[in-house]
1. Counting only residues 5 or more places away or on other chains, whose amide H sits under 5 Å from the amide H of residue 30 once H atoms are built in the peptide plane?
2. Residue 56 to residue 97: extension gain in nm, 0.36 nm per residue of separation minus the Cα-Cα distance?
3. Using the heavy atoms of the protein chains and a 1.4 angstrom probe, tell me the accessible area per residue for the chain in square angstrom.
4. May I ask you to evaluate 6.51 cos²θ - 1.76 cosθ + 1.60, the Karplus curve with θ = phi - 60°, for each residue of the stretch 48-57 and list the ³J(HN,Hα) values in order in whole Hz, giving x for glycine and proline?
5. Roughly to the nearest percent, how much of the accessible area of the stretch 1-40 is carbon and sulfur, given a 1.4 Å probe?
6. Binning every alpha carbon pair distance of the stretch 38-113 at 10 Å from zero, what are the percents per bin?
7. Using r as the Cβ-Cβ distance of residue 8 and residue 49, and R0 as 35 Å, what FRET efficiency do you calculate, to the nearest 0.05?
8. Taking the dipole about the Cα centre of the stretch 1-71, with the C-beta of Lys and Arg at +1 and of Asp and Glu at -1, give me whichever of 5, 41, 30 is farthest to the positive side.
Amino acid sequence: MAGSSRTRFTVAELSSRLPGPAGERFAVAFERGTLSLELYAPRGHDPQKPHTRDEVYVVVTGEGSFACGSAREPFGPGDVLFVPAGVEHRFLDFTDDLTVWVVFYGPEGGELA
């Protein structure tokens, strides 16, 4: 939805687009400049690879463990998880209802610490 003038996006709306035409488990809600807002709902396993920009996850539903680099943390609804650009990460041992908002932002390679 690049260039959209919308200001509200719902889990129900984005969930209705999942899975995508090629089986995608994410749907893009909004893009503006370096900001990208997506809804991600993996099922069974999380096949993610490191991303080129920093990202933030906001857990809507579900629980499990989140691996980020060498750290592993439990997560649940309402939690916020940060991943620096280029760091290996994934959701592990998660419930079948896992749904998260994903915010990608900043330049390729991530923000400076």
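1. 37
2. 12.9 nm
3. Solvent-accessible surface per residue comes out at 56 Å².
4. Karplus-based 3J(HN,Hα) across the stretch 48-57 equals 4, 10, x, 9, 8, 10, 4, 8, 10, 10 Hz.
5. 56 percent
6. 20, 56, 22, 1
7. 0.70
8. 5
The values are calculated or read from the model by the stated rules, or taken from the named source; none is laboratory data. Quick caveat: nothing in here was measured; it's all calculated off a predicted structure. Please note: Cβ atoms are built from the backbone with ideal geometry, for glycine as well, and neighbour counts cover all protein chains shown. Only protein heavy atoms, including side chains, enter the accessible area calculation; ligands, DNA and RNA are left aside. Shrake-Rupley method; radii C 1.70, N 1.55, O 1.52, S 1.80 Å.
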